[in-house]
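The structure appears below as structure tokens.
What follows is calculated from the coordinates using simple rules that are stated; it is not laboratory data. What you see is a predicted model, and the numbers here were worked out from it, not measured in a lab. Here the Cβ positions follow ideal geometry from the backbone for every residue, glycine too, while neighbour counts run over all protein chains shown.
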Amino acid sequence: MKIFLATNNKGKIKEIKEILSDLNIEILTPRDLKIKFICKEDGDSFYENAYKKAITGLLQTGYITISEDSGLMIDYLKGAPGVKSARFTKKKNNKENIKKVLSLLKGIKKEQRKAKFKCVIALALSFKKVKFFEGECEGYISEKEMGNKGFGYDPIFIPKGYKKTFALLGEEKNKISHRAKALFQLKNFLQTFLK
Ligand code: ITT
């Protein structure tokens, strides 16, 4: 079975492909199909945006579509950047986003640097049948960038129970991350669905 993965984020593609690698499905990215995937993400929730991306992908390709919307929610910033994680700064790039977070949390003690990543995956089987899978990963924001693996805010996020950032943990991230948790549920669903 072929499934379209409606995302332009290379970091997400790598992690999703890795975690779903033992399923008997072929994952097609916009690049594989030589198309441009464009979807305006103007929803107020991860669910709304994930739904929009999945339906847009299904409409554009005709394939069953997986999409995901995710973000970092920082307690001290009242849940920001949240759904706006990718566009927290005007330049919309990781370096600038990280710089902004670190400067907003400057001088703030570890106990107040709590944060969590959230991920909502949408699976559009048809226009009327969309399934959702959710995952969260708690942790805190480090005082400086550490590591160069992963993507996005990985160099400044330390998951609960660990001393290293996601960007230092590398492969280990795929066992405990918000995305991994949502994908494990998707995997269970697909295993039954594919029987
Ligand atoms: P698509 O919409 O094309 O999937 P995107 O990067 O725009 O790609 P989102 O709108 O879901 O995706 O934004 C999610 C942002 O949250 C992402 O760009 C990162 O900045 C951050 N993020 C999400 N998951 C992350 C992770 O596992 N590690 C680090 N940062 C993450």
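Can you give the log10 of the normalised intensity I(q)/I(0) at q = 0.13, 0.15, 0.18, 0.19 Å⁻¹, computed with Debye over equal Cα scatterers of the chain? Result of the Debye calculation: -0.67, -0.89, -1.23, -1.34. Would you please state which residues of segment 156-192 a label at Phe132 would reach in this model, taking the label point 7 Å out along Cα→Cβ and a backbone N cut-off of under 19 Å? Hits in segment 156-192 for Phe132 at 19 Å: 178-190.
The smallest convex shape that holds all Cα atoms of segment 1-105, its convex hull, gives 115 Å³ per residue.
Among the aspartates and glutamates, which have Cα under 17 Å from the Cα of Lys114 when same-chain residues fewer than 8 positions away are ignored? Qualifying aspartates and glutamates at Cα under 17 Å: Asp75, Glu136, Glu138, Glu143, Glu145, Asp154. Share of Cα-Cα pairs in segment 80-195 beyond 18 Å, in percent? Summing the P(r) of segment 80-195 above 18 Å gives 56 percent of all pairs. For segment 132-195, what class follows from the C-alpha gyration tensor (a ≥ b ≥ c being the square roots of its eigenvalues): rounded when a/c is under 1.5, otherwise prolate if a/b is larger than b/c, else oblate? In terms of gyration-tensor shape, prolate. Rounded to the nearest 20 debye, the dipole magnitude of the chain is 480 debye, with +1 charges on Lys and Arg beta carbons, -1 on Asp and Glu beta carbons, and the Cα centre as origin.
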